[in-house]
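Asker: One structure, pasted below without further comment.
The values are calculated or read from the model by the stated rules, or taken from the named source; none is laboratory data. The shown structure was predicted, so the numbers you read here are calculated from the model rather than taken from an experiment. Cβ atoms come from the backbone with ideal geometry, glycine included; neighbour counts cover every protein chain shown. Protein only, heavy atoms only, side chains kept; ligands, DNA and RNA dropped before computing areas. Shrake-Rupley method; radii C 1.70, N 1.55, O 1.52, S 1.80 Å.
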Amino acid sequence: QKEVEQNSGPLSVPEGAIASLNCTYSDRGSQSFFWYRQYSGKSPELIMFIYSNGDKEDGRFTAQLNKASQYVSLLIRDSQPSDSATYLCAVQRDSNYQLIWGAGTKLIIKP
Amino acid sequence: NAGVTQTPKFRILKIGQSMTLQCAQDMNHNYMYWYRQDPGMGLKLIYYSVGAGITDKGEVPNGYNVSRSTTEDFPLRLELAAPSQTSVYFCASGTGLKFQPQHFGDGTRLSIL
C-alpha cells in the first residue's frame with residue numbers, strides 16, 4: 001500500500017461544475033496536508049493546506065479532511081478551463097515533517 | 001523576491017558525463033530538498049538537507065551526490081550520467097516545521113542520450 005494514494009485520472013469535468021479530487025493516506029499520525037497544483041511543464045505551486053478535521057475554504061477551493069477515515073479532498077467550485085492541471089496531494093509525516101507525495105490527479109475542465 | 005532559483009532550465013548530457021544542477025534560495029530556509037519527477041509520476045525525494053553541512057538520503061539517492069556549504073545553496077551532482085536519470089529535477093525549500101509547506105523552483109529538464 002502506498003503511503004499517499006490518488007486516482008491518476010484524468011478526471012474530466014464540465015466548465016462551471018464542481019471538481020472533486022480525493023487523496024487517502026496510510027500514516028494515521030499525519031496531521032497536516034497540502035494540495036499543490038502543477039500545470040504541464042511547470043513546478044508545483046501550493047493551493048491550500050489543512051490540519052483540522054472538517055472544511056477549509058479559500059475562494060473557489062475547499063479542502064476537506066477526515067482523519068478518522070484517513071482521507072483528504074479538494075473541491076473546486078465553478079471550475080474554469082484554467083483549473084486544468086495535475087493536483088498533487090502531500091501528507092506531512094509527523095515523525096520528521098517531511099512531505100510524502102501522491103502521484104497526482106490530472107484534471108481536465110471542458111469548456 | 002526570487003524564492004527558489006534553479007539553473008540550468010534545460011540540459012542534454014551524453015551517457016557517462018557529469019554535471020551539477022544548481023539551486024539557491026533567498027528565504028533563509030534551513031531545509032532544502034531535491035526531487036525528481038518522471039513523466040506522469042509523482043515526486044521522488046533524492047536528497048535533503050536540514051542545514052548547512054548536513055545532508056541525508058531520500059528515496060532514490062543512487063547516482064547522485066549533494067553538498068550544503070551555505071544556507072542558500074544546495075547543488076545536486078550527477079556522476080556518470082545514465083539514461084535512467086532522464087527526468088525533471090525540482091529543488092524545494094522550507095522551514096521544516098510542522099504545518100509548513102515546501103516552495104519549489106522552476107525545475108531543470110535533463111535528458112541523457
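Asker: Quick check on residue B:109: is it of a type in the set (Lys, Arg), more than 14 Å from every other protein chain (Cβ to nearest Cβ) and under 15 Å from the mean Cα position of the chain (by Cα)? Quick ask: steps written out before the conclusion?
Answerer: Values: of a type in the set (Lys, Arg): yes; more than 14 Å from every other protein chain (Cβ to nearest Cβ): no; under 15 Å from the mean Cα position of the chain (by Cα): yes.
No.
Asker: While we're on this one: Which one of the conditions (1) closer than 30 Å to residue A:9 by Cα; (2) in a loop (DSSP other than H, G, I, E, B) does residue B:36 fail to meet, given that it meets all the rest?
Answerer: With (1) closer than 30 Å to residue A:9 by Cα; (2) in a loop (DSSP other than H, G, I, E, B) applied to residue B:36, the lone miss is (2).
Asker: Are there any pairs with C-beta distances below 6 angstrom linking a residue in the stretch A:26-52 that is within 7 Å of another protein chain (Cβ to nearest Cβ) and farther than 17 Å from residue B:99 by Cα to a residue that is modelled with pLDDT of 95 or more and part of a loop (DSSP other than H, G, I, E, B), with the two at least 6 apart or on different chains, and if so which?
Answerer: As it stands, the answer is A:43/B:106; A:43/B:107, since those pairs meet every condition given.
Asker: Based on this model, can you work out whether residue B:67 counts as more than 20 Å from residue B:24 (Cβ to Cβ) and either within 14 Å of chain A (Cβ to nearest Cβ) or without any contact (Cβ under 8 Å) to a residue 24 or more places away in the chain (or both)? First the steps, then the outcome.
Answerer: Working: more than 20 Å from residue B:24 (Cβ to Cβ): no; either within 14 Å of chain A (Cβ to nearest Cβ) or without any contact (Cβ under 8 Å) to a residue 24 or more places away in the chain (or both): yes.
No; evaluated as a whole, the condition is false for this residue.
Asker: The conditions are (1) part of a strand (DSSP E or B); (2) more than 14 Å from chain B (Cβ to nearest Cβ), and residue A:89 fails exactly one of them. Which is it?
Answerer: Looking at each condition in turn, residue A:89 falls short on (2).
Asker: Of the residues B:73, B:56, B:38, which single one is under 15 Å from the mean Cα position of the chain (by Cα) and without any contact (Cβ under 8 Å) to a residue 40 or more places away in the chain? Let's see the steps before the verdict.
Answerer: On the way: B:73 fails: without any contact (Cβ under 8 Å) to a residue 40 or more places away in the chain; B:38 fails: without any contact (Cβ under 8 Å) to a residue 40 or more places away in the chain.
On inspection, the qualifying residue turns out to be B:56.
Asker: What number of residues in the stretch B:70-84 are within 30 Å of residue A:95 (Cα to Cα), open to solvent by less than 10 Å² (accessible area, probe 1.4 Å) and not aromatic (Phe, Trp, Tyr)? Explain how you work it out, then say what you get.
Answerer: Taking the stretch B:70-84 as the starting set, the residues that turn out to be within 30 Å of residue A:95 (Cα to Cα) are B:70-78.
Then keep just the ones that are open to solvent by less than 10 Å² (accessible area, probe 1.4 Å); that gives B:74, B:76, B:78.
Of the ones still in play, those that are also not aromatic (Phe, Trp, Tyr) are B:76, B:78.
Matching residues across the stretch B:70-84 total 2.
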